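The values are calculated or read from the model by the stated rules, or taken from the named source; none is laboratory data. If you're wondering where the values come from, they're calculated on a predicted model, not measured in any experiment. Note that we place each Cβ from the backbone using ideal geometry, even for glycine, and neighbour counts take in every protein chain shown.
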Amino acid sequence: MFETAGGIQFVYLGKGNQKDPYYWEAKAELEGLQSRWPQNVRYIGKYSTEEQIAVFNALDIFTYPSEFEPFGTKPIVALINGML
């Protein structure tokens, strides 16, 4: 583990697949992280264009772990905004 002196913020934006059992585990973990570090972790379990624009405008780094969509619209938006 490394120390950042509180200088890193993490945002998860998305609905996920509620039929996937892993969804509930990940949701609980993200909510727990947000409650533990409310100034550094933000879990937004929904999705809207306005929220996406706000998040993308504030990003320094964008990660997109996806097994089925290795280069979808989100990485393109990140590339356009100079985040890749």
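Has segment 68-78 got any residue that is under 15 Å from the mean Cα position of the chain (by Cα), modelled with pLDDT under 80 and among the charged types (D, E, K, R)?
Yes, segment 68-78 contains at least one residue that is under 15 Å from the mean Cα position of the chain (by Cα), modelled with pLDDT under 80 and among the charged types (D, E, K, R).
How many residues are in a helix (DSSP H, G or I) and free of Cβ contacts under 8 Å to residues at least 24 places away in the same chain when one looks only at segment 38-54?
Taking segment 38-54 and keeping what is in a helix (DSSP H, G or I), we get 49-54.
Adding the requirement that they be free of Cβ contacts under 8 Å to residues at least 24 places away in the same chain leaves 49-50, 53-54.
Within segment 38-54, residues that are in a helix (DSSP H, G or I) and free of Cβ contacts under 8 Å to residues at least 24 places away in the same chain number 4.
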